[in-house]
Amino acid sequence: MLEIQRLSTLALLQVFSGKNLDYALIEARKQAKGTLTDHERSSLQDCAYGVLRHRLEIECLLQLLFSRRPPDDSLKTLLMVAAYQLLYTRQAPHAVVSHGVETAVLFGGEGVKGFVNGLLRNLLRQKEALLTQVHASLEGRYSHPQWWIERLQQDHPDHWEVLLQQAQKHPPMTLRVNRRNNSVEQYRTRLIAAGLQAEPFGQDGLMLERPVPVGQLPGFDQGSVSVQDGAAQYAVTLMGLHSGQRVLDACAAPGGKTAHMLERGNGLDVLAIDVEPGRVKKMEGDLRRLGLTAQCLCADASRPETWWDGRPFDRILLDAPCSGSGVVRRHPDIKWLRRPEDIPVMAERQRRLLSQLWPLLRRGGRLVYATCSLFKQENADVINHFLETTTGVHQMTVANLLENSSVKEMVPDVGVPVWNQGQLLPDEAHDGFYYAVLQKS
């Protein structure tokens, strides 16, 4: 446990300095020099994710326990890791405290041992009373920045509290079955044989009863299945694909939706572009794993004059870069790395992408605009602005398109509507997503 506390602290310090969590965990694992077991890797990830999910709650709780000024950032972060373990894991409390004291020496020297030991033991003794004080504020109760809470209250006045609660939970793990290799039921049978239970989701999905490493998924390396949240799987259904169509997947990496298109339909001519070379390379690798072929290009979707050959597209998918506010339980670092001033900047970029790609669509063609955001400024406001400033656009109704496609939906009773003007709010079955389907007349 000592090593997990140390590496978790190092990863979180990276995030608190502005790095994303995936990068921070990779760097932390390097510090272990290949000595971590699978269980230890899982524990490291759980600690880092857990602290970020509950960051403000833990920080407020520790603040109540500091009898003098707070310790330096390294020691404070270690205390956050230990507090998370005491509050949210099944680790033996005495072991958490003992190892926390030992790990503290690495960051603060021998002189901090008494301070760390006393603080963690006080946390155990006073836990309930401290949490009652912390939960008196919305920030302490839901561990989100105040500006984020206020935006959800403004954009979703009937559901903001449910959305904050959902953001603190562990996300589901949903698979997308490659129907070129096997049917959904055939793959479900393979899962059961491997001791894994799953329920159908949508047309191509299976939601696992519990998350597992991809190495435990039958046929993963052979391209039988991919991991893709159920909300993201709706994109291809909404596109209404047919054989022979020319399709553009803009901002395509890491390539899940590109692959889904090709799994669904034979005879598609797909161009997938992304601005980041590393992500394009990863997309190409995933397509190879699945036995699929598309033209992958490293290019800026907002500058089609640099890459478009002049031939119009029948379908365009614009999965626009966004705040990621609908997937924050999957990427809890997002709520600490984003700033309120980022949202209008992203909305302007989204408007520019939409206006630049629209001329590439043939008459009668369909453009699907998608984000994994809950913020209206990135969603309905972008689309409304486009409708007001562009002629020859017909907005299709998302719910009707999905109903006509016979999509099987899982709708847990969590008090959140499934579709609200193209907005899919997160629940136990899927992340938060927004879709707008635009047809050119």
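Go over the candidates Leu163, Leu206, Leu175 one by one and state the one that is at pLDDT 95 or above, more than 28 Å from Leu262 (Cβ to Cβ) and crowded, with 18+ Cβ neighbours inside 10 Å. Only one candidate qualifies: Leu163.
Residue-level analysis places Val275 outside the set of residues that are buried (at least 23 other Cβ atoms within 10 Å of the Cβ) and of a type in the set (Val, Ile, Thr). Considered as a group, the residues in segment 271-324 that are basic (Lys, Arg) and either touching a residue at least 40 places away in the same chain (Cβ under 8 Å) or not assigned by TED's automatic domain parsing to the domain that holds Asp342 (or both) include one that is nearest to Thr237 (Cα to Cα), and that residue is Arg315.
Inclusion of Val247 among residues that are surrounded by 20 or more Cβ atoms within 10 Å (Cβ to Cβ), farther than 16 Å from Leu361 by Cα, among the β-branched types (Val, Ile, Thr) and at pLDDT 95 or above is not warranted.
Yes or no: Leu337 in contact (Cβ under 8 Å) with a residue 60 or more places away in the chain, under 18 Å from Ile273 (Cα atoms) and surrounded by fewer than 22 Cβ atoms within 10 Å (Cβ to Cβ)? Considered against the rule, which asks whether it is in contact (Cβ under 8 Å) with a residue 60 or more places away in the chain, under 18 Å from Ile273 (Cα atoms) and surrounded by fewer than 22 Cβ atoms within 10 Å (Cβ to Cβ), Leu337 comes out as no. The condition of being in a helix (DSSP H, G or I), surrounded by fewer than 21 Cβ atoms within 10 Å (Cβ to Cβ), at pLDDT 95 or above and more than 34 Å from the chain's Cα centre (by Cα) holds for only one of Gln133, Gln126, that being Gln126.
Residues of segment 27-46 that are over 13 Å from Gln5 (Cα atoms) and among the basic types (Lys, Arg): Lys30, Lys33. Which one is nearest to Gly140 (Cα to Cα), of the residues in segment 9-57 that are of a type in the set (Val, Ile, Thr) and in contact (Cβ under 8 Å) with a residue 40 or more places away in the chain? Only one residue tops the list, namely Val51.
For segment 355-385, the set of residues classified as under 23 Å from Asp229 (Cβ atoms), crowded, with 18+ Cβ neighbours inside 10 Å and of a type in the set (A, V, I, L, M) consists of Leu367, Val368, Ala370, Leu374, Val382, Ile383, listed by residue number.
Could you run through segment 349-386 and say how many residues are part of a helix (DSSP H, G or I) and among the small types (Gly, Ala, Ser)? Residues meeting the conditions: 2.
For segment 365-415, the candidate set comprises residues that are more than 23 Å from the chain's Cα centre (by Cα), among the small types (Gly, Ala, Ser) and at pLDDT 95 or above; within that set, the residue that is farthest from Glu150 (Cα to Cα) is Gly365.
Here Ala235, Ala294 are screened, and the one residue that is under 19 Å from the mean Cα position of the chain (by Cα) and closer than 26 Å to Leu206 by Cβ is Ala235. Scan segment 143-153 for residues that are touching a residue at least 60 places away in the same chain (Cβ under 8 Å) and either among the acidic types (Asp, Glu) or in a helix (DSSP H, G or I) (or both) and the total you get is 4. Checked against the criteria, Arg69 does not count as exposed (fewer than 14 other Cβ atoms within 10 Å of the Cβ), closer than 20 Å to Arg125 by Cα and outside the structural domain of Asp333 (by TED's automatic domain parsing). Run Tyr88 past the list (1) surrounded by 18 or more Cβ atoms within 10 Å (Cβ to Cβ); (2) touching a Gly at 6+ places or on another chain (Cβ under 7 Å) and report the number of the one that doesn't hold. Looking at each condition in turn, Tyr88 falls short on (1). Of the strands (runs of 3 or more DSSP E) entirely within segment 166-213, those holding at least 2 residues that are in contact with a His (Cβ under 8 Å, 6 or more places away or on another chain) occupy 174-177.
The values are calculated or read from the model by the stated rules, or taken from the named source; none is laboratory data. Just so it is clear, the structure is predicted and the values come from calculations on it, not from any experiment. All Cβ positions, glycine included, derive from the backbone under ideal geometry; neighbour counts span all protein chains shown.
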